[in-house]
Amino acid sequence: MHPYEEYVTERAKWEPAYEVTQIKGDGEAHPFLSPDDEFADYENWDIRNLDVSEAKTDAMLAGEYAPEALKRGLVIESKLGTNPYKFGQIGSTDSYTLLATAQEDNFFGKHSGYEPSPERMTHPFMKNENGRIDSWQQVASGLAAVWATDNTREAIYDAIARKEVYATTGSRMLVRFFGGWEFTEQDVNSHSPAFTGYRKGVPMGGDLPTAPANAKSPSFIIYALRDPIGANLDRIQIVKGWMDANGKTHEKVYDVAWSGDRKPDANGKLPAVGNTVDVKNANWTNTIGASELATVWTDPNFDPKQRAVYYARVIEIPTPRWSSYDAFRFNIPVPEAAPTSTQERAYTSPIWFTPKS
């Protein structure tokens with residue numbers, strides 16, 4: 001037996017979900033690890049470790065973000081037969097308030113010492129002789145969304161165990177993600193994609209079934225509906241990771257659905273959706289974006305000999321960050337380094353493809 005075989009098996013058994021976003025930073029992606037991902041630089045805590053005793057190194061970053069772990073899992077599985085990083089993705093607050101306050105306009109901080117006040121943004125979150133992390137760097141995040149069969153403790157736990165869950169950074173948007181081999185555009189036009197998704201494929205958190213003889217590439221249903229009292233949607237993306245024949249991993253982000261009549265440029269880059277945020281008054285309008293987005297996407301670069309993993313990222317239009325709401329309510333300036341707007345998002349659990357032995 002390989003010395004790590006028992007270890008990876010235990011991790012696969014006992015760690016079905018990863019907290020991909022919370023108050024102490026978002027862990028979905030990082031520009032160093034995903035340099036071609038324009039949305040990777042979202043609320044990263046990447047200057048020092050949590051007690052600010054040590055500066056972050058590249059080696060540390062490589063072990064702290066979801067896409068890298070998902071790709072590493074493919075490599076480990078090819079060697080040991082088990083993927084210890086076959087996890088679902090959820091969000092949580094990591095707060096001690098017992099309050100459901102992950103929204104930007106109702107953010108109560110990590111604990112009672114960081115409740116709304118004129119001083120909280122500049123109060124040090126962590127400080128010693130090595131440096132500091134300021135309170136404005138807290139993230140108004142996140143929430144765990146669970147597709148359970150019933151609203152019971154047992155059904156919710158079952159859904160987490162099978163990874164039919166997704167994370168949001170605070171928005172209560174609805175997201176569906178299914179993978180299969182025979183989806184068509186008609187399957188998503190009914191506004192009830194789950195019926196077809198379960199019948200013809202697998203939901204988020206699952207493994208693609210064996211391909212039919214005539215199948216050339218997997219297809220995915222992605223459906224998103226905005227938070228009923230929140231912002232419109234900018235776009236849906238698919239993040240794909242895969243391992244080539246030499247054991248090297250790769251990553252690519254695809255824009256698969258978006259609002260308006262925007263068109264990708266010659267390099268495939270989709271123009272920004274725009275920004276209606278009024279920072280001074282901590283307000284925005286839903287005059288841009290879409291209330292819902294849906295598509296069936298087929299992987300244009302699929303190789304049936306390569307292990308792969310896919311998940312969906314749904315991004316809202318820009319809205320005021322909690323720092324802007326505090327500045328407006330208390331008539332104070334936003335700290336110079338603090339962002340004034342944000343683009344809330346959701347991350348689904350992945351769907352995996354494993355080639356035939």
If you scan region 74-110, which residues turn out to be of a type in the set (A, V, I, L, M), crowded, with 16+ Cβ neighbours inside 10 Å and either under 21 Å from Tyr166 (Cα atoms) or in contact with a strand residue (DSSP E or B) (Cβ under 8 Å, 6 or more places away or on another chain) (or both)? Leu74, Val75, Ile90, Ala102
Out of (1) under 21 Å from the mean Cα position of the chain (by Cα); (2) touching a residue at least 24 places away in the same chain (Cβ under 8 Å); (3) surrounded by fewer than 21 Cβ atoms within 10 Å (Cβ to Cβ), what's the single condition that is false for Ile222? (3)
Filtering region 195-216 down to residues that are at pLDDT 95 or above and assigned to a loop (DSSP other than H, G, I, E, B), which residue is farthest from Val165 (Cα to Cα)? Leu208
Checking the conditions here, which among Val188, Val256 is of a type in the set (A, V, I, L, M, F, W, C) and either within 14 Å of Trp147 (Cβ to Cβ) or at pLDDT below 95 (or both)? Val188
Yes or no: region 248-255 includes at least one residue that is surrounded by fewer than 22 Cβ atoms within 10 Å (Cβ to Cβ), under 26 Å from Gly27 (Cβ atoms), touching a strand residue (DSSP E or B) at 6+ places or on another chain (Cβ under 7 Å) and aliphatic (A, V, I, L, M). yes
I'd like the full set of residues that are basic (Lys, Arg) and either free of Cβ contacts under 8 Å to residues at least 24 places away in the same chain or surrounded by fewer than 21 Cβ atoms within 10 Å (Cβ to Cβ) (or both), limited to region 148-189. Arg153, Arg162, Arg172
What are the pairs with Cβ atoms under 6 angstrom where one residue, in region 105-122, is within 24 Å of Glu344 (Cβ to Cβ) and the other, located anywhere, is part of a loop (DSSP other than H, G, I, E, B) and of a type in the set (Phe, Trp, Tyr)? Sequence gap at least six, or different chains. His111/Tyr96; Glu115/Phe108
Output the residue which, of all residues in region 278-337 that are within 28 Å of Tyr166 (Cα to Cα), β-branched (Val, Ile, Thr) and in contact (Cβ under 8 Å) with a residue 60 or more places away in the chain, is surrounded by the fewest Cβ atoms within 10 Å (Cβ to Cβ). Thr298
Suppose we keep only residues that are closer than 17 Å to Asp37 by Cα and among the aliphatic types (A, V, I, L, M) within region 50-73. Which one would you say is surrounded by the fewest Cβ atoms within 10 Å (Cβ to Cβ)? Ala62
So which residues in region 269-306 are closer than 30 Å to Asp244 by Cβ and either of a type in the set (Ser, Thr, Tyr) or over 22 Å from the mean Cα position of the chain (by Cα) (or both), if there are any at all? Thr295, Thr298, Pro300, Asn301, Phe302, Asp303, Pro304, Lys305, Gln306
Among the residues of region 149-194, count how many are more than 23 Å from Leu233 (Cα to Cα) and either part of a helix (DSSP H, G or I) or touching a His at 6+ places or on another chain (Cβ under 6 Å) (or both). 9
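The values are calculated or read from the model by the stated rules, or taken from the named source; none is laboratory data. As the structure is a computational prediction, the values presented were derived from the model and not from experiment. All Cβ positions, even for glycine, are placed from backbone atoms using ideal geometry, and neighbour counts span all protein chains on display.
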